[in-house]
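For reference, the structure discussed in these notes is given below.
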Amino acid sequence: MRHARRLIHAGVLQQIICPQHVFTRDRIVGVGFRDDMPERSGRTRSDRGVGSFFLWNQPGAKFALAASLVYLVGRIGVSAFFNVPLNDRLASLADAAQAVAFWPRYLAEWNLWNHVRSVSGIVSAALFTAALSQR
């Protein structure tokens, strides 16, 4: 059980979850720096991103920021600070008896935080939908 869980965790973390989290995080952080000003405005591309973060008068900007924060804290933060450390602790247990004793606690905590991640994703998607509907 422990060995199979460790292999699954290592494979999923390295090949699927990490690239998706990093790509999504970068896209969400970029939402705040998006600018719809045309190129003819006289500003260069490098100038455009910095000032656009403060364009709060655009429709849906506050919903987009809220969605970004919910996603970053609820999905990525919970994964990094709760689920992954639990997985690492389970993987570090050398004795099968220790793993069996730890399993009920692991399962309860991991499922709790997985539910938080799931709800955060749904709330973030709803907030992004609200932001897009105002544009």
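Observations
- Residue in segment 51-71 that is modelled with pLDDT under 85 and in a helix (DSSP H, G or I) present: yes
- Odd one out for Val78, checked against (1) out of contact with any helix residue (DSSP H, G or I) (no Cβ under 6 Å at 6 or more places or on another chain); (2) among the β-branched types (Val, Ile, Thr); (3) surrounded by 13 or more Cβ atoms within 10 Å (Cβ to Cβ): (1)
- Cross-chain or 6+ apart pairs with Cβ under 7 Å, segment 101-122 first and part of a helix (DSSP H, G or I), then of a type in the set (Gly, Ala, Ser): Val116/Gly74; Arg117/Gly74; Arg117/Ser79; Ser120/Gly74
- Residues (part of a helix (DSSP H, G or I) and surrounded by fewer than 15 Cβ atoms within 10 Å (Cβ to Cβ)) located in segment 91-100: Ser92, Ala96, Ala97, Gln98, Val100
- Residue within segment 42-49 that is at pLDDT below 55, acidic (Asp, Glu) and exposed (fewer than 12 other Cβ atoms within 10 Å of the Cβ) present: no
The values are calculated or read from the model by the stated rules, or taken from the named source; none is laboratory data. The shown structure was predicted, so the numbers you read here are calculated from the model rather than taken from an experiment. Neighbour counts are summed over all protein chains in view; Cβ atoms, including those assigned to glycine, are modelled from backbone coordinates with ideal geometry.
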